[in-house]
Amino acid sequence: MKIRTIFGCLFFLLSVAFCAFQLITLITSERMSATPLLLQFSTALVCLLLGSLAVQSGSKAATLVVSVVAFSVCFLALVCAGFLTMKSGGEVAPIKYVVFLAYAGLYGLFGLAFSFLMGKSEKSEVKKDA
């Protein structure tokens with residue numbers, strides 16, 4: 001494997017870990033402070049952007065794994081937001097929902113981009129074979 005693929009996958013998994021940590025602490029927290037919330041979100045975003053190094057190698061397996069994990073995180077963020085809405089009623093701060101939807105959007109767009117790149121690479125392989 002190339003070094004870009006390895007570090008891209010590591011940064012992507014690190015962003016997933018940061019996202020999971022923030023979402024878990026967000027569900028259980030009573031009081032929220034803006035500075036740690038913003039720092040955690042920006043750290044996960046930077047790691048997610050550095051995770052795009054994984055696509056530069058052209059490895060189909062790495063692209064498929066990153067795409068599936070990104071869509072899974074998107075799905076889980078939306079499910080957690082829904083459960084939080086049903087469970088808590090009206091006492092949850094709206095910023096929690098914004099964070100859940102922001103993570104769902106980020107990972108959804110990231111997974112969509114990787115799936116488009118995977119489809120593009122498959123089309124180019126078909127053209128090379130013909």
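State all residues of region 8-48 that are surrounded by fewer than 17 Cβ atoms within 10 Å (Cβ to Cβ), at pLDDT below 85 and farther than 18 Å from ALA81 by Cα; if no residue qualifies, say none.
Within region 8-48, SER33, ALA34, THR35, PRO36 qualify.
Can you tell me which residues in region 51-77 are surrounded by fewer than 17 Cβ atoms within 10 Å (Cβ to Cβ) and at pLDDT 85 or above?
Those that are surrounded by fewer than 17 Cβ atoms within 10 Å (Cβ to Cβ) and at pLDDT 85 or above: VAL68, SER72, PHE75.
So which helices (runs of 4 or more DSSP H) are wholly in region 1-115 and hold at least 2 residues that are on the phi > 0 side of the Ramachandran plot and more than 10 Å from the chain's Cα centre (by Cα)? Steps first, answer last, please.
Details: elements: 3-28, 34-50, 60-88.
Helices (runs of 4 or more DSSP H) meeting the threshold: none at all.
Right, VAL98: under 30 Å from LEU117 (Cβ atoms), β-branched (Val, Ile, Thr) and free of Cβ contacts under 8 Å to residues at least 40 places away in the same chain or not?
Details: under 30 Å from LEU117 (Cβ atoms): yes; β-branched (Val, Ile, Thr): yes; free of Cβ contacts under 8 Å to residues at least 40 places away in the same chain: yes.
Against the criterion (under 30 Å from LEU117 (Cβ atoms), β-branched (Val, Ile, Thr) and free of Cβ contacts under 8 Å to residues at least 40 places away in the same chain), VAL98 qualifies.
The values are calculated or read from the model by the stated rules, or taken from the named source; none is laboratory data. Bear in mind that the values here come from a model prediction, so they are computed numbers and not experimental data. For neighbour counting, all protein chains shown are included, and Cβ atoms are generated from backbone atoms with ideal geometry for every residue, glycine included.
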